[in-house]
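Here's the structure, in C-alpha coordinates; my notes come after.
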Amino acid sequence: MTRPFLGFGLGLRTEHYAYVLENKPAVDWFEILSENYMVPGGKPLDNLDRIRADYPMVMHGVSLSIGSTDPLDPDYLKNLKQLIQRVQPHWISDHLCWTGVNNTNSHDLLPLPYNEDVIAHVVDRVEQVQDYLGQRILLENLSSYVTYKSSEMSEWTFFNEIACRADCHILLDINNIFVSAHNHHFDPADYLNGIDTDRVMQFHLAGHSHNGEMLIDTHDHDVCDPVWALYATALERFGAVSTMIERDDNIPEFQQLRHELAIAEDIAAKTLPANALAPRLNDVRTA
Ligand SMILES: [Fe+2]
(Lines give C-alpha, C1' and ligand atoms only; values in the text may rest on other atoms or scores of the structure.)
Protein backbone atom coordinates (compact mmCIF):
# COMPACT_ATOMS: atom_id res chain seq x y z
CA MET A 1 0.00 0.00 0.00
CA THR A 2 1.18 3.53 -0.72
CA ARG A 3 0.25 5.35 2.44
CA PRO A 4 -1.11 8.86 1.88
CA PHE A 5 1.00 11.41 3.72
CA LEU A 6 -0.40 14.81 4.67
CA GLY A 7 2.68 16.01 6.54
CA PHE A 8 2.50 17.65 9.99
CA GLY A 9 -0.71 19.03 11.47
CA LEU A 10 -2.36 20.40 14.58
CA GLY A 11 -5.72 19.97 16.23
CA LEU A 12 -7.91 22.95 15.34
CA ARG A 13 -9.09 24.60 18.56
CA THR A 14 -11.54 27.50 18.96
CA GLU A 15 -8.87 29.53 20.82
CA HIS A 16 -6.88 29.66 17.57
CA TYR A 17 -9.61 30.45 15.00
CA ALA A 18 -8.80 34.15 14.83
CA TYR A 19 -5.05 33.61 14.59
CA VAL A 20 -5.40 30.99 11.85
CA LEU A 21 -7.85 33.07 9.84
CA GLU A 22 -5.76 36.22 10.08
CA ASN A 23 -2.29 34.77 9.67
CA LYS A 24 -2.78 31.57 7.65
CA PRO A 25 0.17 29.95 9.46
CA ALA A 26 2.30 27.33 7.75
CA VAL A 27 0.74 24.08 8.94
CA ASP A 28 0.21 21.19 6.53
CA TRP A 29 -3.26 20.27 7.83
CA PHE A 30 -5.71 20.44 10.72
CA GLU A 31 -7.64 17.77 12.57
CA ILE A 32 -11.09 18.85 13.73
CA LEU A 33 -13.21 17.34 16.49
CA SER A 34 -16.27 16.17 14.58
CA GLU A 35 -18.78 16.64 17.40
CA ASN A 36 -17.94 20.36 17.67
CA TYR A 37 -19.43 20.91 14.22
CA MET A 38 -22.53 18.70 14.36
CA VAL A 39 -24.69 21.77 14.71
CA PRO A 40 -27.30 23.25 12.37
CA GLY A 41 -25.32 26.38 11.53
CA GLY A 42 -23.71 29.43 13.06
CA LYS A 43 -20.21 30.55 13.86
CA PRO A 44 -18.47 27.17 14.36
CA LEU A 45 -19.44 26.00 10.87
CA ASP A 46 -18.70 29.42 9.38
CA ASN A 47 -15.17 29.36 10.84
CA LEU A 48 -14.75 25.75 9.80
CA ASP A 49 -15.66 26.49 6.18
CA ARG A 50 -13.29 29.46 6.02
CA ILE A 51 -10.36 27.52 7.48
CA ARG A 52 -11.12 24.45 5.36
CA ALA A 53 -10.78 26.65 2.26
CA ASP A 54 -7.08 27.09 3.13
CA TYR A 55 -6.08 23.78 4.73
CA PRO A 56 -6.47 20.03 4.28
CA MET A 57 -8.47 18.52 7.13
CA VAL A 58 -9.19 15.21 8.78
CA MET A 59 -12.09 14.55 11.16
CA HIS A 60 -11.70 12.96 14.60
CA GLY A 61 -14.67 11.80 16.69
CA VAL A 62 -15.24 10.70 20.28
CA SER A 63 -18.84 9.45 20.20
CA LEU A 64 -18.97 6.46 17.85
CA SER A 65 -18.67 4.00 20.77
CA ILE A 66 -17.68 1.25 18.37
CA GLY A 67 -17.24 -1.29 21.15
CA SER A 68 -20.52 -0.77 22.99
CA THR A 69 -23.29 -3.36 23.03
CA ASP A 70 -25.85 -0.61 22.45
CA PRO A 71 -26.90 -0.35 18.79
CA LEU A 72 -24.95 2.13 16.69
CA ASP A 73 -26.61 5.53 16.90
CA PRO A 74 -28.26 6.23 13.52
CA ASP A 75 -28.64 9.96 14.24
CA TYR A 76 -24.97 10.29 15.07
CA LEU A 77 -23.98 8.44 11.92
CA LYS A 78 -26.30 10.59 9.82
CA ASN A 79 -24.81 13.79 11.27
CA LEU A 80 -21.32 12.42 10.78
CA LYS A 81 -22.02 11.64 7.14
CA GLN A 82 -23.41 15.13 6.58
CA LEU A 83 -20.31 16.68 8.12
CA ILE A 84 -18.09 14.49 5.94
CA GLN A 85 -19.93 15.78 2.89
CA ARG A 86 -19.38 19.35 4.04
CA VAL A 87 -15.73 19.11 5.10
CA GLN A 88 -14.54 16.56 2.53
CA PRO A 89 -11.86 15.36 4.98
CA HIS A 90 -8.97 13.23 3.85
CA TRP A 91 -10.10 10.66 6.39
CA ILE A 92 -12.11 10.27 9.58
CA SER A 93 -11.25 8.58 12.85
CA ASP A 94 -12.65 7.59 16.23
CA HIS A 95 -11.46 5.41 19.10
CA LEU A 96 -11.27 1.69 19.74
CA CYS A 97 -13.41 1.95 22.85
CA TRP A 98 -16.86 2.08 24.30
CA THR A 99 -18.31 5.21 25.88
CA GLY A 100 -21.47 3.87 27.52
CA VAL A 101 -24.12 1.17 27.65
CA ASN A 102 -27.90 0.97 28.17
CA ASN A 103 -28.16 4.49 26.76
CA THR A 104 -26.00 5.87 29.55
CA ASN A 105 -23.05 7.91 28.29
CA SER A 106 -19.97 7.89 30.52
CA HIS A 107 -18.46 10.76 28.50
CA ASP A 108 -15.22 8.84 28.70
CA LEU A 109 -13.30 6.59 26.34
CA LEU A 110 -13.33 3.18 28.02
CA PRO A 111 -11.10 0.22 27.12
CA LEU A 112 -12.42 -3.12 25.91
CA PRO A 113 -11.54 -6.67 26.98
CA TYR A 114 -9.08 -8.14 24.49
CA ASN A 115 -10.61 -11.43 23.37
CA GLU A 116 -12.11 -13.15 20.30
CA ASP A 117 -15.75 -12.37 21.17
CA VAL A 118 -15.02 -8.65 21.38
CA ILE A 119 -12.99 -8.74 18.16
CA ALA A 120 -15.95 -10.29 16.30
CA HIS A 121 -18.34 -7.75 17.85
CA VAL A 122 -16.21 -4.74 16.94
CA VAL A 123 -15.38 -5.99 13.45
CA ASP A 124 -19.10 -6.36 12.68
CA ARG A 125 -19.78 -2.81 13.85
CA VAL A 126 -16.83 -1.29 11.97
CA GLU A 127 -18.13 -2.97 8.82
CA GLN A 128 -21.59 -1.48 9.44
CA VAL A 129 -20.12 2.00 9.87
CA GLN A 130 -17.87 1.74 6.83
CA ASP A 131 -20.74 0.44 4.68
CA TYR A 132 -22.96 3.33 5.77
CA LEU A 133 -20.29 6.01 5.31
CA GLY A 134 -18.96 4.49 2.10
CA GLN A 135 -15.36 4.77 3.27
CA ARG A 136 -12.87 3.21 5.61
CA ILE A 137 -12.40 4.69 9.06
CA LEU A 138 -9.36 4.95 11.33
CA LEU A 139 -9.52 3.63 14.88
CA GLU A 140 -7.25 5.02 17.58
CA ASN A 141 -5.68 3.25 20.56
CA LEU A 142 -6.62 4.60 23.99
CA SER A 143 -4.56 5.26 27.04
CA SER A 144 -5.95 2.99 29.74
CA TYR A 145 -5.88 2.62 33.48
CA VAL A 146 -7.62 -0.72 34.03
CA THR A 147 -7.46 -4.21 32.57
CA TYR A 148 -10.03 -7.03 32.38
CA LYS A 149 -9.80 -10.60 33.63
CA SER A 150 -11.47 -11.68 30.38
CA SER A 151 -8.62 -10.34 28.20
CA GLU A 152 -6.82 -13.17 26.42
CA MET A 153 -4.26 -11.33 24.29
CA SER A 154 -2.16 -8.20 24.13
CA GLU A 155 -3.75 -4.89 23.20
CA TRP A 156 -1.67 -4.70 20.02
CA THR A 157 -2.76 -8.18 18.87
CA PHE A 158 -6.39 -7.24 19.54
CA PHE A 159 -6.06 -3.92 17.72
CA ASN A 160 -4.26 -5.40 14.75
CA GLU A 161 -6.77 -8.25 14.39
CA ILE A 162 -9.68 -5.81 14.31
CA ALA A 163 -8.02 -3.57 11.73
CA CYS A 164 -7.14 -6.50 9.47
CA ARG A 165 -10.49 -8.30 9.71
CA ALA A 166 -12.62 -5.14 9.40
CA ASP A 167 -10.31 -3.70 6.75
CA CYS A 168 -10.05 -0.39 8.54
CA HIS A 169 -7.06 1.82 9.22
CA ILE A 170 -5.17 2.63 12.41
CA LEU A 171 -4.49 5.95 14.12
CA LEU A 172 -1.61 5.27 16.49
CA ASP A 173 -1.43 7.64 19.43
CA ILE A 174 2.22 7.48 20.44
CA ASN A 175 1.61 9.15 23.79
CA ASN A 176 -1.22 6.72 24.57
CA ILE A 177 1.11 3.79 23.91
CA PHE A 178 3.67 5.35 26.26
CA VAL A 179 1.07 6.02 28.97
CA SER A 180 -0.48 2.54 28.77
CA ALA A 181 2.96 0.88 28.67
CA HIS A 182 3.86 2.67 31.90
CA ASN A 183 0.54 1.91 33.58
CA HIS A 184 0.41 -1.75 32.53
CA HIS A 185 4.13 -2.53 32.54
CA PHE A 186 4.72 -3.55 28.92
CA ASP A 187 7.41 -2.51 26.46
CA PRO A 188 6.06 0.14 24.06
CA ALA A 189 8.37 -1.23 21.35
CA ASP A 190 6.43 -4.53 21.53
CA TYR A 191 3.28 -2.54 20.77
CA LEU A 192 4.81 -0.85 17.72
CA ASN A 193 6.25 -4.13 16.46
CA GLY A 194 2.88 -5.85 16.82
CA ILE A 195 1.02 -3.45 14.51
CA ASP A 196 0.74 -4.11 10.77
CA THR A 197 2.67 -1.30 9.04
CA ASP A 198 0.16 -1.16 6.17
CA ARG A 199 -2.74 -0.28 8.48
CA VAL A 200 -1.27 2.83 10.11
CA MET A 201 -2.50 6.07 8.54
CA GLN A 202 -1.92 8.72 11.23
CA PHE A 203 0.00 9.42 14.44
CA HIS A 204 -1.15 11.47 17.42
CA LEU A 205 1.31 13.11 19.81
CA ALA A 206 0.32 14.71 23.12
CA GLY A 207 1.41 15.47 26.64
CA HIS A 208 0.35 13.62 29.79
CA SER A 209 0.32 14.08 33.57
CA HIS A 210 1.68 12.10 36.51
CA ASN A 211 -0.81 10.94 39.13
CA GLY A 212 1.04 8.89 41.71
CA GLU A 213 2.23 5.72 40.01
CA MET A 214 -0.10 6.23 37.05
CA LEU A 215 0.30 8.39 33.98
CA ILE A 216 -2.88 10.13 32.79
CA ASP A 217 -3.53 11.19 29.20
CA THR A 218 -4.49 14.80 29.92
CA HIS A 219 -3.35 16.61 26.74
CA ASP A 220 -2.39 19.59 28.89
CA HIS A 221 1.41 19.52 28.64
CA ASP A 222 4.05 19.59 25.96
CA VAL A 223 5.10 16.26 24.47
CA CYS A 224 7.78 14.81 26.78
CA ASP A 225 11.20 13.54 25.73
CA PRO A 226 10.47 9.81 26.11
CA VAL A 227 7.42 10.21 23.85
CA TRP A 228 9.56 12.03 21.28
CA ALA A 229 11.98 9.08 21.44
CA LEU A 230 9.10 6.65 20.93
CA TYR A 231 7.91 8.76 17.99
CA ALA A 232 11.34 8.31 16.35
CA THR A 233 11.09 4.55 16.91
CA ALA A 234 7.62 4.57 15.34
CA LEU A 235 8.89 6.47 12.30
CA GLU A 236 11.66 3.89 11.87
CA ARG A 237 9.07 1.11 11.81
CA PHE A 238 6.23 2.72 9.87
CA GLY A 239 7.97 5.34 7.69
CA ALA A 240 6.32 8.66 6.91
CA VAL A 241 2.98 8.84 8.73
CA SER A 242 0.84 11.99 8.92
CA THR A 243 1.52 13.38 12.39
CA MET A 244 -0.33 15.87 14.56
CA ILE A 245 -0.19 17.22 18.12
CA GLU A 246 -3.32 17.15 20.29
CA ARG A 247 -3.70 19.85 22.91
CA ASP A 248 -7.03 20.06 24.76
CA ASP A 249 -6.29 21.83 28.02
CA ASN A 250 -3.88 24.53 29.16
CA ILE A 251 -3.86 25.55 25.50
CA PRO A 252 -0.94 27.84 24.62
CA GLU A 253 -0.61 30.47 21.92
CA PHE A 254 -0.76 29.06 18.42
CA GLN A 255 2.90 29.89 17.74
CA GLN A 256 3.98 27.80 20.72
CA LEU A 257 2.15 24.75 19.38
CA ARG A 258 3.59 25.42 15.94
CA HIS A 259 7.05 25.44 17.53
CA GLU A 260 6.32 22.09 19.17
CA LEU A 261 5.18 20.70 15.82
CA ALA A 262 8.57 21.74 14.39
CA ILE A 263 10.19 19.31 16.84
CA ALA A 264 8.19 16.49 15.18
CA GLU A 265 9.31 17.73 11.76
CA ASP A 266 12.95 17.77 12.91
CA ILE A 267 12.76 14.25 14.30
CA ALA A 268 11.17 12.98 11.10
CA ALA A 269 13.79 14.76 8.97
CA LYS A 270 16.56 13.11 11.00
CA THR A 271 14.92 9.69 10.92
CA LEU A 272 13.60 9.38 7.36
CA PRO A 273 14.93 10.15 3.86
CA ALA A 274 13.82 13.53 2.51
CA ASN A 275 11.83 12.05 -0.36
CA ALA A 276 9.71 10.10 2.15
CA LEU A 277 8.50 13.35 3.70
CA ALA A 278 7.21 15.17 0.62
CA PRO A 279 3.44 15.34 1.17
CA ARG A 280 1.64 13.43 -1.55
CA LEU A 281 -1.64 15.30 -1.59
CA ASN A 282 -2.81 13.94 -4.91
CA ASP A 283 -3.60 10.52 -3.46
CA VAL A 284 -4.65 11.24 0.10
CA ARG A 285 -8.35 10.41 0.00
CA THR A 286 -9.06 7.08 1.67
CA ALA A 287 -11.72 4.81 0.25
FE1 LIG B 1 -5.05 10.74 20.49
Do you know which of the residues in the range 78-118 that are in contact with a Leu (Cβ under 9 Å, 6 or more places away or on another chain) and part of a loop (DSSP other than H, G, I, E, B) is farthest from THR157 (Cα to Cα)? PRO89
Within the range 165-258, strands (runs of 3 or more DSSP E) holding 2 or more residues that are away from the ligand (no atom under 13 Å from the Cβ) and surrounded by fewer than 21 Cβ atoms within 10 Å (Cβ to Cβ): 209-211, 214-216
If the Cβ limit is 8 Å and pairs must be 6+ apart or interchain, which residue in the range 260-287 that is over 22 Å from HIS90 (Cβ atoms) and among the hydrophobic types (A, V, I, L, M, F, W, C) pairs with which residue that is at pLDDT 80 or above and not in a helix (DSSP H, G or I)? ILE263/VAL223
Sort out which residues of the range 130-164 are in contact (Cβ under 8 Å) with a residue 40 or more places away in the chain, surrounded by fewer than 21 Cβ atoms within 10 Å (Cβ to Cβ) and either more than 15 Å from the ligand (Cβ to nearest atom) or over 28 Å from SER209 (Cα atoms) (or both), and write them in order of number. TYR132, LEU133, GLN135, ARG136, TYR145, SER154, THR157, GLU161
Please work out if TYR114 is surrounded by fewer than 17 Cβ atoms within 10 Å (Cβ to Cβ), among the aromatic types (Phe, Trp, Tyr) and touching a Phe, Trp or Tyr at 6+ places or on another chain (Cβ under 9 Å). no
Conditions (1) part of a loop (DSSP other than H, G, I, E, B); (2) under 15 Å from the mean Cα position of the chain (by Cα): number failed by MET59: (1)
Selection from the range 138-152 of residues that are touching a Leu at 6+ places or on another chain (Cβ under 8 Å) and hydrophobic (A, V, I, L, M, F, W, C): LEU138, LEU139, LEU142
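The values are calculated or read from the model by the stated rules, or taken from the named source; none is laboratory data. Since this is a predicted model, take the numbers as computed values, not measurements. Positions of Cβ are backbone-derived with ideal geometry, glycine not excepted, and every protein chain shown enters the neighbour counts.
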